[in-house]
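One structure is given here, and the rest of the page talks about it.
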Amino acid sequence: MITSERMAAVDVNAEALGVPRKQLMESSGNAVAQAIRDIAEPGARIAVVAGRGNNGGDAFVAARFLDAYDLSVHLLGRAETITTDIARENWGALERGEYDIEEVRDSTQLSLPDADVVIDAMLGTGVTGALREPAASAAEAINASDATVVSVDVPSGIDADTGEAAGVAVEADHVVTFHDDKPGLEGVDADVTVADIGIPDAAELFVERGDLLALSRDPQSHKGDHGTVLVIGGGPYSGAPALSAQAAFRAGADLVYVATPESVADAVAGYSENLIVEALPGDRLAPVHVDTLLALAEDADAVLVGPGLGDAEGSLDAVAGFLESYAGQAVVDADPLRIVPEVETDADLVCTPHQGELTAMGGPREDDWRDRADAVESFATEVGATLLVKGAYDVVSDGERTRVNRTGNPGMTVGGTGDVLAGITAALVTALDDPVQAAGIAAYANGRAGDFAVEEHGYGLVATDLPPRVAEALWGDRDE
């Protein structure tokens, strides 16, 4: 099954892969027409009741495949207000083909003919809430008719995700839905056909522009609504935690704190005036700092542990002690990754290893990305964490769902790009409920930022080139 939100993303991903939505609409309309041919003899009276969106567009296409029938198309609204270019083009094809079409300007104008079959194409999977006029009156008229009712994708008025109706809804006899079944159709008393419309499996596997649709902001947002990140790192190094923190900001976090040994605290603070630095006594993270870190983490929506922390035994013991007592969202990167399989924690973990770090965790080593994806999925189940394994093809899995990212370039082998990725991941974990989705989008954004940087600098890019480009990667090329 697929939710309406995920279906919208997959549609955009398919287009990014070279399968335009216009082509998908053609396939969808053909599938609806085939359903009509299966239930009605040629010459039967067919009435199409269509909305102004792509659901209506599917029905406009279907009409062109139903010339053997006595067909009429009733558009709810004015043609000039059809909301998408592809639906408008298909309405235009009906106009130029001199089909029997009409515009229903208000609810009093709809006069549903005495039809054998009514095609309900008013509203699709992306619409929730009670039907408005003239759709509400149209739904009542459809339900009052003796016609067999075929709904396109989902009966109008039914929430595609919940199956609930906030008011009147079309009572369909048949539903032709596309690509995959919808959760809300389970409780619908109708025959449901799932039509393959040519969306490739890659549109669900690979992270693409459609996934970015998950990122949104309420115009009435306030400071803190979009996440507070605590970065725990530094000691041997100061640049790594600073890179992660700046990337978290660029990925949309509202507040970023860095807890780091006092020996490098001033250096970390010097990278950006935006960072809030908490200095820990000493020159390495140590078990004595665990209580302080737990207190700081209480105010954070996600914690990133590891950038620049080093592999001193006391530092790794401190990370283990922190994770054993922490029950929030945590991203683990760099040297502490090796202890993750040994730690008992209630935290929701996202781990971001490269191949060497994955091996140090006890994980698999596979050269082919397809084999690696299968192996990482199995290892994620074993570890009980979401894994983002970095490589030419990044693999993200929680053991049940697996995504693959293909953005990025060989210039990103330079040191520090992994720290940037970890920071992006921490920010997105606070913004999204789904760690696999967050990690997949983070990998996409990190790679896109790297691609932007290599366009300007070639393979002479450095990690500090990436954070300023993260925001563009996340929001600059998003298909709304």
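Peptides 33-40, 193-200, 319-326 ranked from most to least packed give 319-326, 33-40, 193-200, packing being the mean of other C-beta atoms within 10 angstrom over each peptide's residues.
For segment 229-298, what is the accessible area per residue in Å², given a 1.4 Å probe and the full set of protein chains?
41 Å²
Beta bridges per DSSP, both residues in segment 144-216: antiparallel share near 10 percent. If R0 is 30 Å, the Cβ-Cβ spacing of A68 and E164 corresponds to a FRET efficiency of close to 0.20. Counting only lysines at least 8 places from K22 when in the same chain, those with an alpha carbon closer than 23 Å to its own are K182. Sorted on the mean count of surrounding Cβ atoms within 10 Å across their residues, most packed first, peptides 140-153, 398-411 read 140-153, 398-411. Taking Cβ atoms as reference points and 11 Å as the exclusive limit, the residues near T430 contribute a net charge of -4, counting Lys and Arg as +1 and Asp and Glu as -1. Against the chain, whose longest principal axis comes from its Cα atoms, helix 54-64 is set at around 40 degrees. Applying a DSSP loop filter and a limit of 13 other Cβ atoms within 10 Å to the GluC sites (Glu not before Pro) in segment 41-125 leaves E98.
Think of the chain as a dipole: +1 on every Lys or Arg Cβ, -1 on every Asp or Glu Cβ, centred on the Cα centre; then among A439, G270, G314, G270 lies furthest on the positive end. Relative to the longest principal axis of the Cα atoms of the chain, the long axis of helix 135-144 makes an angle of roughly 50 degrees.
The charge dipole of the chain, taken about its Cα centre with unit charges on the Cβ atoms of Lys, Arg (+1), Asp and Glu (-1) only, comes to about 1140 debye. Note on D106 and T83: the model spin-label points, each 7 Å out from Cα along the C-beta direction, lie 2.3 nm apart. If only the Cβ of Lys and Arg carry +1 and only the Cβ of Asp and Glu carry -1, the dipole of segment 39-100 around its Cα centre is close to 180 debye.
Treating r as the C-beta distance of D146 and D191 and R0 as 22 Å, the FRET efficiency rounds to 0.80. As a fraction of the 1.4 Å probe accessible area of segment 30-92, surface on carbon and sulfur atoms comes out at 44 percent.
Taking the DSSP beta bridges with both ends in the chain, the antiparallel portion is around 15 percent. How far is helix 369-383 tilted off the main Cα axis of the chain, in degrees rounded to 10, range 0 to 90? The two axes meet at around 70 degrees. Neighbours of E456, meaning other residues whose beta-carbon lies under 14 angstrom from its beta-carbon, give a summed charge of -2 when Lys and Arg score +1 and Asp and Glu score -1. Rounded to the nearest 20 debye, the dipole size of segment 291-351 about its Cα centre is 160 debye, using +1 on the Cβ of Lys and Arg and -1 on the Cβ of Asp and Glu. Centre-to-centre, using Cα atoms only, segment 330-378 and segment 67-98 are separated by 53 Å. Charged neighbours of H222, selected by a Cβ distance under 15 Å, balance to -2 (K, R count +1; D, E count -1). In whole Å, how far is the Cα centre of segment 428-480 from that of segment 300-318? Using only Cα atoms, the two centres lie 24 Å from each other. For the chain, adding -39500 (n - 2.57) for each run of n ≥ 4 DSSP H residues and dividing by the number of residues yields -11500 deg cm²/dmol at 222 nm. Look at the dipole of segment 99-256 built from charges on Cβ: of V231, A190, T162, the Cα furthest out on the positive end belongs to V231.
The values are calculated or read from the model by the stated rules, or taken from the named source; none is laboratory data. Worth saying up front: this structure is predicted, and the values here are computed from it rather than measured. Using ideal geometry, Cβ is built from the backbone for each residue, glycine included, and neighbour counts are taken over all protein chains shown. Quick note on the areas: whole protein, heavy atoms, side chains included, nothing else; ligands and nucleic acids left out. Shrake-Rupley method; radii C 1.70, N 1.55, O 1.52, S 1.80 Å.
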